[in-house]
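This report refers to the structure that appears directly beneath it.
The numbers here are math on the coordinates, done by the rules we state, and not lab data. Only a predicted model underlies this, so the values are computations on that prediction, with no experimental measurement involved. We place every Cβ from the backbone using ideal geometry, glycine too, and count neighbours over all the protein chains shown.
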Amino acid sequence: MGTATGGLFIIFYGYLLDTEARTGGRRTSHNEQASKPSPAAIPSKVNQSSQLKEEKPMSSHSNNDERRGSFSSLRRPSLVTGPRLSSIKMGSPASLFVISKVTSEVFNEENPPMDWADAGLLIPHEAIRRQMKMMVQSVNAMPDSPEEKEAWKITLFSQWFVDYFYESVHEHHDAEEKIYFPWMKTKTAIPEKEFSGSHAELMSAMDGIKKVCTQIVDEQGKDCSAQVATLKKDIPKFDADMRAHLKEEEETVPELLRNNFTHEEEGKIVEAILQAGGLTLAKKFLPAVLLAAQEWMSETFYADFVGSIPPPIKYLVDNYYMPDFENVAMNMRDAPTLASKPNLKRVPCCRIPFCFPCMF
């Protein structure tokens, strides 16, 4: 399936799989996988060397109203664009989680994650925390007064923040505010004031950081000492505030889910979120989720998790999303820590010289 024709066929064929994708049956289990992804595609549990790298940008600046992944816009066909946790049979905690690799402040050896309710939050949260760790590391590595020959470092980082981190986290919070929390409120009360207030403050902080990063990109990193100083101050604070927010959710939401919903019910609303996010969100956030998951999920859980990705989406991840994430996005994010400017080379769309906006 390496040709342009084969790639296009499986992508469009995917839209015909909607009925199958929503039947609730497991698509592929750990023991049933027919083929393994290439090392450059979905990472295996043994391919750990690239874990400290992560994502890269595409377009430069986008405002909130133009974000293609906005949950306020109508969506195209309802193919699930990510893993389907509800299709996986959940075993004992020991068979699901590598506790020592979980970065949560809530879950640990004394208080391990237990089931689908905990896993559902850890899937996006672990990816966000790992990205923030690398983000703070890059900001700390920025020179206070960048010379012209170092301008690429802060320019690439800033473009990554605008195009990837900002977009992914904004979509995550939009999904919670507009889909997930309203769904939870149909059966239970949630600390809406705390959650919504925290979201508003975090998004305001991100908007401020995005504004600074956009200025750096516009100036191509030249004469940006003031902007660097702002990033060195604001990003560590945002990191701390976001971690506190994720901790609050992990302390509260899983118990509410167990007491009021089933795994299958929660799975349906997550599928609605994936459909709303579309391929744009899958491209920008799914690789980060998979790289994180290979760390904190057990081998069996991770294999089943990857196996639950619909085949057309898995094809895109294998051949485009993961290679671009590792070769472009991660190098952009990590640019301030690199000794030389990276060659940011993307996989050509459909492996031919033009692209299809509906897919990318």
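Looking at the square roots a ≥ b ≥ c of the eigenvalues of the Cα gyration tensor of the range 224-360, which shape do they give, rounded for a/c under 1.5, prolate if a/b is larger than b/c, or oblate?
Note, shape of the range 224-360 comes out oblate.
Express in nm, to one decimal, how much length is gained between D223 and A94 on full extension, taking 0.36 nm for each residue of separation and deducting their alpha carbon distance.
Here the segment from D223 to A94 would lengthen by 41.2 nm.
Take the residue pairs K89/K283; K133/K268; K247/K314; K178/K268 and return only those whose Cα atoms are more than 22 Å apart.
Over 22 Å Cα-Cα: K89/K283; K133/K268; K247/K314.
Would you mind listing how long the range 233-273 runs along its three principal axes, going by Cα atoms, in whole Å with the largest first?
43, 21, 8
Which residues among the range 202-242 fall inside the zone where the amide N is under 20 Å from a point 7 Å beyond the Cα of N111, along Cα→Cβ?
Zone members listed by number: 240-242.
Can you list which of the trypsin sites (Lys or Arg not before Pro) found in the range 96-202 are DSSP loop residues with at most 15 other C-beta atoms within 10 Å?
When the trypsin sites (Lys or Arg not before Pro) of the range 96-202 are filtered for loop state and at most 15 Cβ neighbours within 10 Å, K185, K187 remain.
Per the Kirkwood treatment, what hydrodynamic radius in Å, one decimal, follows for the range 200-278 from the mean inverse distance over all distinct Cα pairs?
Here the Kirkwood hydrodynamic radius works out to 15.6 Å.
What translational D, rounded to a whole number of µm²/s, comes out for the range 265-335 from Stokes-Einstein when the hydrodynamic radius is the Kirkwood one over Cα pairs, at 20 °C and 1.002 mPa s?
So the translational diffusion coefficient is about 164 µm²/s.
At q = 0.15, 0.16, 0.20 Å⁻¹, what log₁₀ I(q)/I(0) does the range 156-292 have when each alpha carbon counts as one equal point scatterer in the Debye sum?
The Cα Debye sum returns log10 ratios of -0.84, -0.93, -1.28.
Hey, can you grab everything whose amide H is under 5 Å from the amide H of V98? Only 5+ residues off in sequence or another chain; H modelled, so Pro and N-termini drop out.
Those lying under 5 Å, H to H, from V98 are M297, S298.
Only sites in a loop by DSSP and with at most 14 other Cβ atoms within 10 Å count here; which trypsin sites (Lys or Arg not before Pro) in the range 201-289 make the cut?
K222
What translational D, rounded to a whole number of µm²/s, comes out for the range 92-134 from Stokes-Einstein when the hydrodynamic radius is the Kirkwood one over Cα pairs, at 20 °C and 1.002 mPa s?
201
Using only the alpha-carbon atoms of the range 118-229, report the extent along each of the three principal axes, biggest first, to the nearest angstrom.
Cα spread of the range 118-229 along its principal axes, largest to smallest: 57, 24, 19 Å.
Taking θ as phi - 60°, what are the ³J(HN,Hα) couplings along the range 279-295 by the Karplus curve (6.51, -1.76, 1.60), each to the nearest whole Hz, with x for Gly and Pro?
5, 4, 5, 4, 5, 8, 10, 4, x, 5, 4, 5, 5, 5, 4, 5, 8
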